[in-house]
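Peer 1: One structure coming up, written as structure tokens, with questions to follow.
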Amino acid sequence: MAGAALPPLRVGLVGCGRVGLHLIERSAVGGPFQVVAASEKLDVIRQIAPFGVRLMSLSELVQSADIDVLWVTSFWEFPFKRSPLAATHGQHLIVETPFTLGLQAAEQAFADAVGRGRLLLIHHPRRADPEFRQALAVSRDERIGAIRAMKFVLWSYGRPPRGATRCTEPSVWDEYAEPGATKVRFVAHALDQLVLLIPNRPMSVLAVGDTSAGAADLFAGDSLGLRIVFESGCQAEIDVRLDSPTPFQSGWMLTGEHGGYANGRQYTLTDEGEVFDSPVTTMEKPEDTDQFEWLARQIRSGVRDVGEEERACLVVALLEAAQRSLVTSQPVTLK
């Protein structure tokens with residue numbers, strides 16, 4: 001006899017921008033989480049009221065007895081040291097990728113969670129992408145040999161129309177859609193995928209920003225390119241551009257000693273020097289890659305996944321190195 005379904009974990013949102021609204025809508029149709037409250041400005045009442053989500057102050061949110069999880073919906077506002085969230089003892093925390101841009105802050109955040117006996121988990125919405133799951137399957141296929149190079153390109157057009165003006169007091173909805181923030185999120189998602197595709201130590205990062213922006217900052221301009229060299233000698237490139245009228249998304253392209261991957265197909269080099277290609281099929285079930293189920297399982301187990309924490313810190317370290325590289329225009333060696 002199958003066991004009864006577990007009740008959903010009750011979520012309080014810290015911030016309620018685009019990510020928060022998506023979480024509210026997603027949980028409204030079922031799943032392991034249910035958003036019951038949100039801490040945000042009064043101007044979001046219209047959006048959340050139809051879902052029965054109540055609006056609360058941050059101090060009320062962290063003290064609420066009917067909230068199991070605090071979900072912080074924007075990385076640049078994550079209040080590691082800001083009371084009262086830093087003092088909460090009752091709820092687990094879920095944050096979005098990237099959850100901070102400083103390695104020291106990231107390591108301290110995990111240490112603080114351990115000290116409270118609670119979990120700090122990172123939501124990685126792009127890990128379930130079918131194209132990435134195919135690339136991951138090929139990267140783990142010993143027949144292609146050691147991976148020598150990897151590339152990810154995402155070009156799109158995300159600039160506002162000419163003549164468009166902004167409100168003098170932009171809401172959180174507009175802030176989360178800022179091109180600079182969108183660009184950094186896309187790069188962070190690609191980095192998270194990268195460190196899963198090649199479980200090898202990155203040695204250096206060279207970042208190239210948008211020279212027309214005139215500022216050496218991750219958030220400045222509409223483009224960011226990274227070149228990452230790994231201890232194995234593998235070289236990875238990430239190219240994100242949000243001002244391209246020509247749309248192009250390559251997904252991951254891998255080339256190894258005896259084969260590679262691109263666009264849903266695996267390429268195999270024979271001993272005779274011939275190249276064969278075949279479609280990539282994965283045996284994973286949707287529930288195996290569902291991020292919400294994955295997060296809920298961890299919370300219910302109460303067990304830290306140290307490997308996941310290390311990967312999250314590695315993504316932050318790569319972003320931090322990219323920022324330093326933009327300032328110096330030189331490759332930055334990772335410690």
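The values are calculated or read from the model by the stated rules, or taken from the named source; none is laboratory data. Owing to the predicted nature of the structure, the values given are computational and were not obtained by experimental measurement. Reconstructed Cβ throughout: ideal geometry from the backbone, glycine too, with neighbour counts over all protein chains shown. Note: accessible area is taken over every heavy atom of the protein model, side chains too, but ligands, DNA and RNA are not part of it. Shrake-Rupley method; radii C 1.70, N 1.55, O 1.52, S 1.80 Å.
Peer 1: Would any residue of the stretch 260-296 have its amide N under 19 Å from a label point 7 Å out along Cα→Cβ of Asn200? List them or say none.
Peer 2: Taking a point 7 Å out along Cα→Cβ of Asn200, the residues of the stretch 260-296 whose backbone N falls under 19 Å are 260-262, 267-269.
Peer 1: Moving on. From the backbone phi of the stretch 279-295, what are the Karplus-calculated ³J(HN,Hα) couplings (6.51 cos²θ - 1.76 cosθ + 1.60, θ = phi - 60°) in whole Hz, Gly and Pro given as x?
Peer 2: x, 9, 10, 10, 8, 6, 8, x, 5, 6, 10, 5, 5, 5, 5, 4, 5
Peer 1: Mind checking which of Cys16, Cys234, Cys313 has the largest fluctuation in a GNM of the chain, springs on alpha carbons under 10 Å?
Peer 2: In this elastic network of the chain, the residue with the biggest mean-square fluctuation among Cys16, Cys234, Cys313 is Cys234.
Peer 1: What number comes out for accessible area per residue over the chain if the probe is 1.4 Å? Units Å², please.
Peer 2: 51
Peer 1: Roughly how many percent of the accessible protein surface of the chain is carbon and sulfur, given a 1.4 Å probe and a whole-percent answer?
Peer 2: 53
Peer 1: Below 8 Å between Cα atoms, with a sequence gap of 6+, how large is the relative contact order for the chain in percent?
Peer 2: Once divided by the residue count of the chain, the mean separation gives 19 percent.
Peer 1: While we're here: According to a simple spin-label model (label point 7 Å from Cα along Cα-to-Cβ), what is the distance in nm between Asp141 and Val275?
Peer 2: Label-label distance for Val275 and Asp141, simple model: 1.4 nm.
Peer 1: Sticking with this one: Just the accessible area for Asp66, please: 1.4 Å probe, Å², rounded to the nearest 10?
Peer 2: Asp66 exposes around 50 Å² with every protein chain in place.
Peer 1: Could you pull the accessible area for Phe276 with a 1.4 Å probe, rounded to 10 Å²?
Peer 2: 110
Peer 1: Mind checking the full-extension length gain between Ala28 and Arg46? Use 0.36 nm per residue of separation minus the Cα-Cα distance, one decimal, nm.
Peer 2: 4.9 nm
Peer 1: Hey, what do the phi angles of the stretch 201-209 turn into as Karplus ³J(HN,Hα) couplings, whole Hz, using 6.51/-1.76/1.60 and θ = phi - 60°, x for Gly and Pro?
Peer 2: Rounded to whole hertz, the list is 6, x, 9, 8, 9, 10, 10, 10, x.
Peer 1: Probe radius 1.4 Å, ligands and nucleic acids left out: which of Arg126, Arg185, Arg159 has the largest accessible area, and how do the rest follow?
Peer 2: Heavy-atom accessible area, descending, gives Arg159, Arg126, Arg185.
Peer 1: Please give the contour-minus-distance gain from Thr328 to Glu231: 0.36 nm per residue of separation, less the Cα-Cα distance, rounded to one decimal in nm.
Peer 2: Roughly 32.7 nm would be gained on extension.
Peer 1: Semi-axes of the stretch 236-297's equivalent ellipsoid from the Cα gyration tensor, sqrt of 5 times each eigenvalue, largest first, rounded to whole Å?
Peer 2: 28, 23, 11
Peer 1: Given the options Glu142, Glu310, Glu237, which has the most mean-square fluctuation in a GNM of the chain, springs set between C-alpha atoms less than 10 angstrom apart?
Peer 2: Glu142
Peer 1: What do you reckon, how do Met150, Met253 stack up by accessible area (1.4 Å probe), largest on top?
Peer 2: In descending accessible area the options line up as Met253, Met150.
Peer 1: Ranked by accessible surface with a 1.4 Å probe, highest first, in what order do Tyr157, Tyr261 come?
Peer 2: Final ranking, largest accessible area leading: Tyr157, Tyr261.
Peer 1: Rounded, prolate or oblate, given the Cα gyration tensor of the stretch 258-335, with a/c below 1.5 counting as rounded?
Peer 2: Oblate shape, in that a/c is at least 1.5 and b/c is the bigger or equal ratio.
Peer 1: To continue, here is another question. What is the spin-label model distance, in nm, from Ser212 to Glu293 if the labels are put 7 Å beyond Cα along the C-beta direction?
Peer 2: It works out to 4.5 nm between the two label points.
Peer 1: A follow-up question, please. Check the chain and count each lysine pair with an alpha-carbon distance under 28 angstrom, considering only pairs eight or more places apart or from different chains.
Peer 2: 8
Peer 1: Please check: in the Gaussian network model of the chain (C-alpha springs, under 10 Å), which one of Phe152, Phe248, Phe110 has the largest mean-square fluctuation.
Peer 2: Most flexible of the set in this elastic network: Phe248.
Peer 1: Taking the full set of protein chains and a 1.4 angstrom probe, give the accessible area of His189 in square angstrom, rounded to the nearest 10.
Peer 2: We get 20 Å² for His189.
Peer 1: Per-residue HN-Hα couplings for the stretch 115-122, Karplus 6.51 cos²θ - 1.76 cosθ + 1.60 at θ = phi - 60°, whole Hz, x for Gly and Pro?
Peer 2: x, 8, x, 10, 9, 10, 10, 10
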